[in-house]
Amino acid sequence: MPCRKQKRVENSSLRVRLLVATLVSSLACLLCAAGCASAKRDTAEAAVATSSADFAAIRDDAMKYSPTQAAAVESALQSARSSLAKGDYSKALTAANDIPSQIQELSFSIRDRKDELRDDWEELSATVPDLMRETRTRIDHLERARKPATELQAVLATAQKQWQSANNFYTSDELLTAVNTAYSTKDELIALQSNAEAKSEK
């Protein structure tokens with residue numbers, strides 16, 4: 001009898017130890033899972049924050065010089081933020097990891113577009129002043145011939161102010177606005193010369 005009782009005690013003790021071991025193992029697994037989830041969340045948040053900061057640094061230029069690509073990056077960032085908010089850290093991290101290359105490509109596009117605009121400006125800055133002088137000469141010829149040129153003078157004065165605005169925009173690194181304004185000035189001067197020529201033939 002004492003042997004049976006001793007066995008029951010030992011079996012009971014063994015079951016307790018096994019139960020404790022199981023609980024400890026389960027708790028360890030839960031802690032490990034929680035730790036992994038926390039680490040994944042932190043990594044995803046850091047990746048999204050870094051990409052957001054990188055995009056913010058070029059966003060203004062991006063919207064001006066490469067709006068389609070800029071919109072794509074904004075959409076990717078929004079998708080990553082949405083996944084974060086839903087707790088889908090794996091999806092957020094996957095999305096965030098693709099964004100740096102998109103931002104780099106966007107930066108290259110901005111650089112290339114600015115280079116194109118600077119080339120346009122060099123050409124315009126070489127041709128518009130000459131066009132302005134030629135237009136002034138034609139209007140002066142009209143005045144010497146006593147032909148009405150008051151309206152043409154007013155248009156020329158507006159074109160001169162517009163050209164000055166274009167130069168101011170370029171100095172302020174507003175390249176797109178500068179070039180667009182310069183092209184508009186060039187078109188107005190060409191039209192003005194045509195009008196002056198038509199008046200001189202009357």
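Odds and ends about this structure:
- Here the range 112-200 is assigned +1 on the Cβ of each Lys and Arg and -1 on the Cβ of each Asp and Glu. Its dipole about the Cα centre then comes out at about 680 debye.
- Karplus-derived HN-Hα couplings along the range 71-84 (A = 6.51, B = -1.76, C = 1.60, θ = phi - 60°), whole Hz, x at Gly and Pro: 5, 5, 5, 4, 5, 5, 5, 5, 5, 5, 5, 5, 5, 4
- Coil-residue trypsin sites (Lys or Arg not before Pro) of the range 55-99, DSSP, other Cβ within 10 Å capped at 16: K86
- The string of couplings for the range 162-176 from the Karplus curve (6.51, -1.76, 1.60, θ = phi - 60°) is 5, 5, 5, 4, 4, 5, 5, 4, 5, 4, 7, 6, 8, 4, 5 Hz, one whole number per residue in order, with x for Gly and Pro.
Each value in this text was obtained by applying a stated rule to the coordinates, not by laboratory testing. Remember, predicted model here, so these are calculated numbers, not experimental data. Glycine gets a Cβ as well: all are built from the backbone with ideal geometry, and neighbour counts include every protein chain shown.
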